[in-house]
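K.L.:
One structure, as structure tokens, below. Some questions next.
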Amino acid sequence: MVERNDHLRLNRYDHYILRMRRVASGFSPIVALNRRSGKPLHKQVYEAFCAAIVGRNLRPGQRVPSSRFLATELKISRIPVLTAYSQLLAEGYFETRPGSGTFVSSSLPDQWISLERGQSASPQVRSARRVLSKRSAVVPSFRPLPWINRWGAFIVGQLAFEHFPFQIWASLVNRHVRNVRVNSLHYSDPMGSETFRSAIAQYLRTARAVSCEASQIMIVSGTQQALELAARVLLDPGDKVWIEEPGYRLARNAFALAGCRLIPVPVDAEGLDVAAGIKQCRGARAAFVTPSHQFPLGVTMSASRRLQLLDWAHRSASWIIEDDYDNEYRYESMPISSLQGLDRHSRVIYLGTFSKTLFPSLRLGYAVIPTDLVQRFLAVRNAMDVYPPHLYQAVLEDFIGEGHFARHIRRTRLLYSERRNVLVEAISKEFGAGIDVLGADAGVHLVATLPKGLFDRPISDAAAHQNLWLWPLSTCYLGRASQQGFILGFGSTTPRQMPDAVRRLRHIIESQ
Ligand SMILES: Cc1ncc(COP(=O)(O)O)c(C=O)c1O
């Protein structure tokens, strides 16, 4: 059972619990001594600490360096430092904890408190004109929406973390931390570790029918970085991009941030309506699609639509960005082959992630790049974050190579399949024909549509007060929502909890 509070608590793995908020320690604040001024050194040290505390560069509870250490750093005798420290202690700026050292006081003098109560540390900031890029205003402000990043029933993106093999993972992390190789510490290949890429290439060729070699795979910090990278390499400001309607908000944001014009193309029972896209904007430079399991509606793109889309891209020299985010979880049929595997003209950039199979905070994913574009992607990536961090690539390479990844997917597929069945049954029992379920064949979420006359936003807000996290379907539309409903995650809700959660959902809807 996974509980959530400020610090993740995994009961079965108590050693992962972070019990206390730690404060940074051991760093000296800037103490600019002027040996030629008439001011005594102890006064200068005292004033430097007061200024750092009042200016909030030093925070309550933060450890301060020992007098011996600070004296050595400042190249002065210990006496002025001791004098300054005893004055700071006497005035309540510092406190000592026996056996631990000296800290900035957690109960502060008046001067500090008045700052806390609203005076800005730098008032000139408010009055000055502060010009930002127009581009940064293109994406909506980041607000913690009630149905995202919470903990509880129906949260989208949350998985059965309690079934993750943390002990194996920890032993692999340990292995790599203990046996550090010098070349893993230095700057490395912007594509990512070659052996890790080989492991991914093998997996993609076998399990996803992706046509690729390791040399085409770039390791990224999740799909989001791959989208940003692809936009920078393939598109210019003003270029038009087809996006699915309804669709994945973070993909929209990535293209909008690159200055692209978004063309919402409707999704029907066969996936993206290619003919509608051509009618709206034949000359779009790219199309973003989730063909295996459309986000959010869950449709699988039909074979004829796939061929139509590839044909359009070939004829109009456009790019297809295929986001294959959760195809490992398919319940009613075998996994669907990738669109990239059907592409005969190298028009598809294929993106995958470990956020849905392992855990999102890993921030690891990959892009499969057409061979002739690899050099451009490399150059642009090198100008962005240089190259991906090494440690978790090495850990995941072993996790895949030693069979743990395949085993984890097999186990969780059964688990999620059961959770999905219980959810579908509970919806049918509670709502009968009142609610339609869409996209339950794959992934770790499904969509429940609302009957006409009901609106998803107010219901989601009401549900959030009862710890039910319903992602309103209407928020996935760029234009006017043609359907109201909820995206319901079932990854982290156990079969025992599910019927009660659905019953509570019915009460909330009925009370609207
Ligand atoms: C449609 C879609 N694509 C990709 C991702 C994964 O994104 P990332 O790899 O950046 O965590 C998600 C995660 O929720 C998603 O819903």
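K.L.:
Which length gain, in nm to one decimal place, applies between SER66 and SER28 when the Cα-Cα distance is subtracted from 0.36 nm times their residue separation? Can you show the working numbers first?
P.N.:
On the way: separation 38, 0.36 × 38 = 13.68 nm, distance 0.93 nm.
The span from SER66 to SER28 would gain 12.8 nm if fully extended.
K.L.:
For region 237-382, rounded, prolate or oblate, judged on the Cα gyration tensor with a ≥ b ≥ c (square roots of eigenvalues), a/c < 1.5 rounded, else prolate if a/b > b/c? Before the final figure, lay out each step's value.
P.N.:
Details: a/c = 1.33, a/b = 1.05, b/c = 1.27.
Verdict is rounded for region 237-382.
K.L.:
I need the shape label for region 227-306. Rule: rounded when a/c is under 1.5, else prolate if a/b > b/c, else oblate, with a, b, c from the alpha carbon gyration tensor.
P.N.:
Values: a/c = 2.10, a/b = 1.51, b/c = 1.39.
It comes out prolate by the Cα gyration axes.
K.L.:
What figure in square angstrom, to the nearest 10, would you give for the accessible area of HIS345 with a 1.4 Å probe?
P.N.:
90
K.L.:
Quick one: with all protein chains in place, what share of the accessible area of the chain is carbon or sulfur, to the nearest percent (1.4 Å probe)? Kindly include the intermediate steps, with their values, before the conclusion.
P.N.:
On the way: 13380 of 25750 Å².
Carbon and sulfur: 52 percent of the exposed surface of the chain.
K.L.:
Keeping all protein chains in place, calculate the accessible area per residue for region 434-512 (probe 1.4 angstrom), answer in Å². Could you put the intermediate results ahead of the total?
P.N.:
Working: 3390 Å² over 79 residues.
I get 43 Å² per residue for region 434-512.
K.L.:
Ok, one more. Nearest-5 percent of antiparallel DSSP beta bridges in region 278-423? If you can, show how the numbers build up before the last one.
P.N.:
On the way: 4 of 12 bridges.
Bridges in region 278-423 that DSSP calls antiparallel: roughly 35 percent.
K.L.:
How many Å² of accessible area per residue for region 191-281, probe 1.4 Å? Could the numbers behind the result be given before it?
P.N.:
Details: 3320 Å² over 91 residues.
On a per-residue basis, region 191-281 sits at 37 Å².
K.L.:
Defining a contact as two alpha carbons under 8 Å apart and six or more residues distant in sequence, what relative contact order in percent does region 178-255 show? Present the calculation step by step, with values, prior to reporting the outcome.
P.N.:
Working: 40 pairs, mean separation 19.4, N = 78.
Computed over region 178-255, the figure is 25 percent.
K.L.:
With axes computed from alpha carbons, what is the tilt in degrees of helix 391-401 against the longest principal axis of the chain, rounded to the nearest 10 within 0 to 90?
P.N.:
40
K.L.:
Can you check what the net charge comes to around ALA463, using other residues whose Cβ is under 13 Å from the Cβ of ALA463 (Lys, Arg +1; Asp, Glu -1)? Could the numbers behind the result be given before it?
P.N.:
Values: positive: ARG150, ARG457, ARG503, ARG504, ARG506; negative: ASP456, ASP461, GLU510.
The answer is +2.
K.L.:
Note the full-extension length gain between ARG78 and LEU307 as 0.36 nm times their separation in residues minus their Cα-Cα distance, in nm to one decimal. Mind dumping the intermediate values first?
P.N.:
Numbers: separation 229, 0.36 × 229 = 82.44 nm, distance 7.76 nm.
Net length gain for the segment: 74.7 nm.
K.L.:
Calculate the FRET efficiency for ASP500 and PHE455 from the Cβ-Cβ distance with a Förster distance of 25 Å, rounded to the nearest 0.05. Intermediate values should be presented prior to the final figure.
P.N.:
Values: r = 25 Å, r/R0 = 0.98.
According to the calculation, E is roughly 0.55.
K.L.:
Please give every one of the lysines within straight-line cross-link reach of LYS452, meaning a C-alpha to C-alpha distance under 27 Å, and leave out same-chain neighbours fewer than 8 residues apart.
P.N.:
Partners within reach: LYS429.
K.L.:
THR300: accessible area at probe 1.4 Å, nearest 10 Å²?
P.N.:
50
K.L.:
Still on this structure: Looking at the square roots a ≥ b ≥ c of the eigenvalues of the Cα gyration tensor of region 392-507, which shape do they give, rounded for a/c under 1.5, prolate if a/b is larger than b/c, or oblate? Show your work: numbers first, answer last.
P.N.:
Details: a/c = 2.40, a/b = 1.79, b/c = 1.34.
Verdict is prolate for region 392-507.
K.L.:
When only Cα pairs under 8 Å and 6 or more residues apart are kept, what is the percent relative contact order across region 226-305?
P.N.:
On the way: 133 pairs, mean separation 25.7, N = 80.
Relative CO of region 226-305 lands at 32 percent.
K.L.:
Separate question: Using 10 Å bins from zero, what percent of all Cα-Cα pairs in the chain falls into each bin?
P.N.:
Distribution as computed: 3, 15, 22, 22, 18, 12, 6, 2, 0 percent.
K.L.:
At a probe size of 1.4 Å, how large is the accessible area of ILE508, to the nearest 10 Å²?
P.N.:
Counting only protein heavy atoms, the figure is 10 Å².
The values are calculated or read from the model by the stated rules, or taken from the named source; none is laboratory data. Small disclaimer: the values here were computed from a predicted structure and weren't measured. Virtual Cβ from ideal backbone geometry, glycine too; neighbours counted across all protein chains shown. Just so you know, the surface numbers come from the protein's heavy atoms only, side chains and all, with ligands and any DNA or RNA stripped out. Shrake-Rupley method; radii C 1.70, N 1.55, O 1.52, S 1.80 Å.
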